[in-house]
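Undergrad: Structure incoming, see below.
Rule-based calculations on the coordinates, nothing more; no lab input. Just so it is clear, the structure is predicted and the values come from calculations on it, not from any experiment. Here the Cβ positions follow ideal geometry from the backbone for every residue, glycine too, while neighbour counts run over all protein chains shown.
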Amino acid sequence: MPNFKLTLCYDGGRYDGWQRQGNSENTIQGKLEALLTRLLEQSVEVAGSGRTDAGVHALGQVCSFRAETDLGCAALLREIRRYLPEDIGAISLEEAEPRFHARLSCREKTYVYRIWNSDEPNVFERRWMLSHPAPLDLDAMRKAAAQLVGEHDFSTFCANRRMKKTAVRNLKRIDIARSGGEIRIALTADGFLYHMVRIIVGTLLEVGEGKREAGEIGAALEARDRMEAGPTAPAQGLTLWQVKY
């Protein structure tokens with residue numbers, strides 16, 4: 001059976017996250033599976049590269065599925081684009097190698113957290129970034145972030161207290177940059193834990209506000225205790241930016 005690789009972008013603002021749920025039909029995965037099942041007249045299950053939370057967006061979410069169809073990729077992509085809601089976009093579709101799996105084959109993901117750090121209103125992008133007009137010390141935030149780079153147990157920055165699998169991840173880069181009133185925090189890793197990016201951002205914001213010393217972050221990481229980290233930053237500022245294989 002042919003194996004397909006589909007790349008999507010979406011505004012997650014009105015959805016209950018990526019993952020199909022028994023108590024909600026309002027998920028990205030659920031909408032996509034329902035559409036493909038109807039279009040191809042067969043049951044289609046879709047695997048995503050990761051489970052974005054409710055309210056989180058994607059610029060380059062990758063998913064895979066298997067289906068029998070006489071349609072070529074170009075024709076099937078046109079049909080998917082035709083019927084998807086306007087806040088979910090199909091960027092590309094290609095036939096993948098038989099063993100390709102969007103999640104299991106993934107080697108690296110990049111998330112970007114966007115912050116509007118200005119008193120001026122940002123009417124047109126307010127839904128995709130956190131509004132935080134108070135001053136932030138970016139140098140202190142970078143100093144704190146540097147202590148998180150590398151392979152560590154990130155239990156401190158995980159919201160799943162009952163997780164039985166390893167919390168070790170390789171956080172390859174954290175870049176913090178300002179352009180005008182916008183601050184972007186980009187994090188690249190081989191994988192992320194539940195709410196990991198948002199908890200890291202919430203902790204870095206405390207450092208930027210002067211509520212926490214930059215030098216404390218290493219000790220918080222070593223504690224492996226969620227209570228040692230800052231709050232979970234709101235979902236609206238987070239976007240799954242890129243997935244690499």
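Undergrad: Test of understanding: extend the Cα→C-beta vector of GLU213 to 7 Å, then name every residue of region 114-151 with backbone N under 14 Å from that spot.
TA: Zone members listed by number: 144.
Undergrad: Mark the label point 7 Å from the Cα of ASP137 along Cα→Cβ and return the residues of region 223-242 whose backbone N is within less than 20 Å of it.
TA: 229-231
Undergrad: Across 10 Å bins from the origin, how do the percents of Cα pairs in region 106-169 run, short distances first?
TA: For region 106-169, the pair-distance distribution reads 15, 33, 33, 18, 1.
Undergrad: Could you check the simple spin-label distance between SER43 and VAL168, using points 7 Å along Cα→Cβ, in nm with one decimal?
TA: 3.8 nm
Undergrad: Loop only per DSSP, at most 13 neighbouring Cβ atoms within 10 Å: give me the trypsin sites (Lys or Arg not before Pro) in region 37-146, ordered by residue number.
TA: ARG99, ARG107
Undergrad: Can you count the Lys pairs in the chain whose Cα atoms are under 19 Å apart, with each pair 8 or more apart or on different chains?
TA: 8
Undergrad: Now for a separate question. Could you sort the peptides 220-229, 9-18 by per-residue average Cβ neighbour count (10 Å cutoff), highest mean leading?
TA: 9-18, 220-229
Undergrad: Here's something else I'd like to know. Name the residues whose placed amide hydrogens come within less than 5 Å of the amide hydrogen of ALA102, ignoring near sequence neighbours (fewer than 5 apart) on the same chain.
TA: Answer set, sorted by chain and number: SER64.
Undergrad: Here's another thing I want to ask about it. Describe numerically, in nm with one decimal, the distance between label points set 7 Å from Cα along Cα→Cβ at GLU97 and at MET227.
TA: Going by the 7 Å Cα→Cβ label model, 4.7 nm.
Undergrad: Also, quick follow-up: Counting other Cβ atoms within 10 Å of each Cβ, which GluC sites (Glu not before Pro) in region 56-148 have at most 13 and sit in a DSSP loop?
TA: GLU68, GLU86, GLU125
Undergrad: If you take the square roots of the eigenvalues of the alpha-carbon gyration tensor of region 3-95 and sort them as a ≥ b ≥ c, do you get rounded (a/c under 1.5), prolate (a/b over b/c) or oblate?
TA: Taking the square roots of the gyration eigenvalues as a ≥ b ≥ c, region 3-95 is prolate.
Undergrad: Under 5 Å between amide hydrogens, which residues at least 5 positions from GLN42 or on another chain qualify, with H placed 1.01 Å from N in the peptide plane?
TA: Correct list: empty.
Undergrad: Separate question: Each residue of region 57-63 in turn: what ³J(HN,Hα) in whole Hz from Karplus with 6.51, -1.76, 1.60 and θ = phi - 60°, glycine and Pro shown as x?
TA: 9, 9, 9, x, 6, 10, 9
Undergrad: Quote the charge dipole size of the chain about the Cα centre in Debye, to the nearest 20; the model charges only the Cβ of Lys and Arg (+1) and of Asp and Glu (-1).
TA: Roughly 400 debye, rounded to the nearest 20.
Undergrad: Another one. Measure of size requested: the Rg and Dmax of the chain, with Cα atoms as the atom set and Å as the unit; please supply both.
TA: Considering the chain through its Cα atoms, Rg and Dmax are 19.1, 60 Å.
Undergrad: Rounding to the nearest 10 and keeping the result within 0 to 90°, find how far the Cα-based axis of helix 28-40 lies from the longest principal axis of the chain.
TA: With rounding to tens, the tilt is 10 degrees.
Undergrad: Sticking with this structure for a sec: Hey, what's the Kirkwood Rh for region 176-233 if you take every pair of different alpha carbons, in angstrom?
TA: 12.3 Å
Undergrad: Please provide three numbers in whole Å: the alpha-carbon extents of region 108-244 along the principal axes, with the largest listed first.
TA: Between the extreme Cα coordinates on each principal axis of region 108-244 lie 44, 33, 23 Å.
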